[in-house]
Amino acid sequence: MAAVTLLVAAAAYPLIERAAGPAVLAARDVLDTSPRPSGSTGQAGGDIPGGTAAPDDDLPAITRLDPALRAAVRQAADDADTADIDFWITSGWRSPAYQQKLYDDAVRNKGAAEARRTVADAETSQHVSGEAVDIGPTEGAYWLIQHGTDYGLCQVYANEIWHFELLTRPGGTCPPMREDAEG
Ligand SMILES: [Zn+2]
């Protein structure tokens, strides 16, 4: 009976999103990089050549971010640099096609059920609307987890240490973190 209920619940879920692995993970157990497609859809679609970018880079992944988010990340990047912390953007704005490719790759590699919890589809991803950034490397992500509220930047999902959105005012309080997109 429980299995049937689960199946129904899974089928009813829109094809959202994220969480890698079990719902609750110690931060150190989490993958330290955001997902990238196995094949590039090109810079015009939001790919970042080499996998890292700075807030001032002239790439669609950066220039198509929400301007307020971009400004907040720029300020954070400057301060991280001053603190001698490695800090860069690994993913920003993504075209719907790019996001769909991430999702399709996840289905291929992990199966549909896991894909639903690990990658947002093109309709639900905050990356597609330019309202999310992924930060790397691990050092930079942890720094922003500690200091993000100074800029209004919040970690959204407990199982994505790299994913940040502008969800409060500088000095404000972030909304309660979700375990993953399904929690
Ligand atoms: Zn993200």
Ordering of 110-118, 78-86 by burial proxy (mean other Cβ atoms within 10 Å per residue, highest first): 110-118, 78-86
When the chain is fully extended, how far beyond the present Cα-Cα distance does H147 get from D79, taking 0.36 nm per residue of separation? 23.5 nm
R108 versus C174, label points 7 Å from Cα toward the beta carbon: distance in nm? 3.3 nm
Give me H127, H147 ranked fewest to most by other Cβ atoms within 10 Å of their Cβ, as a rough exposure proxy. H147, H127
How large is ³J(HN,Hα) for each residue in the stretch 118-128, as worked out from phi by the Karplus curve 6.51 cos²θ - 1.76 cosθ + 1.60 (θ = phi - 60°), to whole Hz, x for Gly and Pro? 10, 9, 6, 7, 5, 7, 9, 6, 5, 5, 5
Enclosed volume per residue, in Å³, of the convex hull spanned by Cα atoms of the stretch 58-172: 100 Å³
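Since every read-out is calculated from the coordinates, none of them should be taken as a lab result. Note that the coordinates shown come from a computational prediction; the quantities given were computed from them, not determined experimentally. Positions of Cβ are backbone-derived with ideal geometry, glycine not excepted, and every protein chain shown enters the neighbour counts.
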